[in-house]
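Since the structure comes first, as structure tokens, the remarks are kept for the end.
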Amino acid sequence: GAGVSQTPSNKVTEKGKYVELRCDPISGHTALYWYRQSLGQGPEFLIYFQGTGAADDSGLPNDRFFAVRPEGSVSTLKIQRTERGDSAVYLCASSLGVPGNTIYFGEGSWLTVV
Amino acid sequence: DAKTTQPNSMESNEEEPVHLPCNHSTISGTDYIHWYRQLPSQGPEYVIHGLTSNVNNRMASLAIAEDRKSSTLILHRATLRDAAVYYCILNYGGSQGNLIFGKGTKLSVKP
């Protein structure tokens, strides 16, 4: 595809359940980012990958959140023991990983924890 | 991280120019100024970025103050499709690291 693809586009889960959100970056992009956006707020940084490794995971709120990118392409954001406060849009983005380079965002995965 | 200050909201009439201001008085010499916009129910979209000189592209122009403590995003002729939240962001050293978003400016365009 031409852009960043995220699945599922919508997910409703029960409190306490485990959730996985998938991101397919633009082909050839070495840098991949996860953001979270709550209603009425700007996106909040979670984690950034350069290749397979997490270059900066300082935005992950706690140890219930984990992300992987095993082959340097597709990434999965994993949330354990979901809480109602985890309800938000989870945005994935990618770039060529060159300083000052444009970052391209997907349309997000809307997570609702009930 | 250096912060930016933007008005919460602005209104414009269709076909008229729009000047969206951003203050970043604590900007460092290596910070790039990025603008993104977010249409309803979509992810943020890159608009433009610059370091010191004014920049133009097909979407907009970016005017950067000489002291770099402020900048202005210029939409030359607003259309209804330009109604969005516009974010002004400083990117440390132009690095590929994370972008720190604020609340942005919600632009409304009236027909």
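The values are calculated or read from the model by the stated rules, or taken from the named source; none is laboratory data. Keep in mind that this is a model prediction, so the values were computed, not measured. Cβ coordinates were reconstructed from backbone atoms using ideal geometry, including for glycine residues, and neighbour counts include every protein chain displayed.
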Residue list for region A:34-56, restricted to those being facing chain B (nearest Cβ under 8 Å) and among the charged types (D, E, K, R) = A:E44, A:D56
remark   = Apart from one, (1) under 19 Å from B:V47 (Cα atoms); (2) touching a residue at least 12 places away in the same chain (Cβ under 8 Å); (3) surrounded by fewer than 20 Cβ atoms within 10 Å (Cβ to Cβ) all hold for A:T112; the odd one out is (1)
note = Of the residues in region B:78-96, those that are at pLDDT 95 or above and in a loop (DSSP other than H, G, I, E, B) come to B:A78, B:T79, B:A83
query = What number of residues in region A:1-18 are assigned to a strand (DSSP E or B) and over 12 Å from the mean Cα position of the chain (by Cα)?
reply = 4
inquiry  = Going residue by residue through region B:30-41, is there one that turns out to be within 13 Å of chain A (Cβ to nearest Cβ), of a type in the set (D, E, K, R), free of Cβ contacts under 8 Å to residues at least 40 places away in the same chain and in a strand (DSSP E or B)?
reply    = no
request  = Check B:E66 against each of (1) within 11 Å of chain A (Cβ to nearest Cβ); (2) without any contact (Cβ under 8 Å) to a residue 24 or more places away in the chain and name the one condition it does not meet.
outcome  = (1)
query = Mind checking whether some residue in region A:69-83 is within 14 Å of another protein chain (Cβ to nearest Cβ) and either closer than 17 Å to B:F101 by Cβ or out of contact with any helix residue (DSSP H, G or I) (no Cβ under 9 Å at 6 or more places or on another chain) (or both)?
reply = no
query = Only one of A:G59, A:G28 is surrounded by fewer than 16 Cβ atoms within 10 Å (Cβ to Cβ) and either more than 14 Å from chain B (Cβ to nearest Cβ) or not in a strand (DSSP E or B) (or both); which?
reply = A:G28
ask   = among the charged types (D, E, K, R) and without any contact (Cβ under 8 Å) to a residue 40 or more places away in the chain - does that describe any residue in region B:86-104?
value = no
request  = Identify the residue in region B:42-59 that is touching a strand residue (DSSP E or B) at 6+ places or on another chain (Cβ under 6 Å) and more than 21 Å from A:V4 (Cα to Cα) and, among all such residues, is nearest to the other protein chains (Cβ to nearest Cβ).
outcome  = B:L51
